[in-house]
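**Student:** Quick one: the structure is below, and I'll ask about it shortly.
The values are calculated or read from the model by the stated rules, or taken from the named source; none is laboratory data. In this text the structure is predicted, and so the values were computed from the model without any measurement. Positions of Cβ are generated from backbone atoms using ideal geometry, with glycine treated the same way; all protein chains shown enter the neighbour counts. Ligands, DNA and RNA are excluded from the accessible area calculation, which covers all protein heavy atoms including side chains. Shrake-Rupley method; radii C 1.70, N 1.55, O 1.52, S 1.80 Å.
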Amino acid sequence: MNTVTKFAWLMLLGGALIPGTLAQTGSNLKTEARNDKQDAAGPAPASVAGSDYVIGADDMLHISVWKEPDLTTSLPVRPDGKISLPLLNDIPAAGLTPMQLKDSITEKLKKYMADPRVTVVVTAMNSRRIFLTGEVLHPGTTPLLPNMTILQALSTGGFTQFADLKGIYLLRTENGRQIKLPFNYKEVVKGHHPEQNIMLRPGDQIVVP
């Protein structure tokens, strides 16, 4: 085979291989770009709530869908108890546990994709708050931690020099009406009246006169 013929064969082979090579390269680039976009989101943040936690308004959630970076987002629960997601629009979230919300989103996404893998993480429990008012050094809202008692909550607020430690009370709303529960700080710290050191609920207000 002379030089001209060899050159012709090489040109023909190149013409046949290059489009396929370019197509494969383009496909690889698309896959890498998709993976890079997925990796850019990083790992899901750690949950600050237990599996039995009930989501409420103002809570912050991180919702991720495996291999679907456009559907992965962090967002708050609106005052109406709902969240908004691409494709799905408004979804009720308040009153559900993270697992229940995951199942709800998964079921709705099945209309658009096969086998969606959803993760729901609570990143801030803003709905679980209590209020400290009166003669405290740090009045205002305080995050309600699991099993938090009145005594533990007061330890985060501190007292002014004018605080009446015997006259502290808790305001709580039950069945639409407000009740008042006394708390004698001086007696409780001595080990007396442990029944007054009750566990707090979201929305409780501790008043230090």
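**Student:** Between a residue in region 97-124 that is over 15 Å from Leu61 (Cα atoms) and any residue that is open to solvent by 80 Å² or more (accessible area, probe 1.4 Å) and of a type outside the set (S, T, N, Q), which pairs come within a Cβ distance under 6 Å, given they are 6 or more apart or on different chains?
**Tutor:** So the pair list comes out as Tyr112/Leu87; Arg117/Trp66.
**Student:** Find the strands (runs of 3 or more DSSP E) located wholly in region 74-152 whose residues include 1 or more that are of a type in the set (Ser, Thr, Tyr) and farther than 27 Å from Ala163 by Cβ, and list them.
**Tutor:** The qualifying strands (runs of 3 or more DSSP E) are 82-85, 118-124.
**Student:** Of (1) in contact (Cβ under 8 Å) with a residue 12 or more places away in the chain; (2) surrounded by 12 or more Cβ atoms within 10 Å (Cβ to Cβ); (3) under 26 Å from Ala49 (Cβ atoms), Phe183 satisfies all except one. Which?
**Tutor:** Of everything listed in (1) in contact (Cβ under 8 Å) with a residue 12 or more places away in the chain; (2) surrounded by 12 or more Cβ atoms within 10 Å (Cβ to Cβ); (3) under 26 Å from Ala49 (Cβ atoms), Phe183 misses just condition (3).
**Student:** Do we have any residue at all in region 143-150 that's within 30 Å of Thr72 (Cα to Cα), of a type outside the set (A, V, I, L, M, F, W, C) and crowded, with 19+ Cβ neighbours inside 10 Å?
**Tutor:** Taking region 143-150 as the starting set, the residues that turn out to be within 30 Å of Thr72 (Cα to Cα) are 143-146.
If we keep only those that are of a type outside the set (A, V, I, L, M, F, W, C) too, we end up with 143, 146.
Checking the rest, the ones that are also crowded, with 19+ Cβ neighbours inside 10 Å come to none.
Checked region 143-150: no residue is within 30 Å of Thr72 (Cα to Cα), of a type outside the set (A, V, I, L, M, F, W, C) and crowded, with 19+ Cβ neighbours inside 10 Å.
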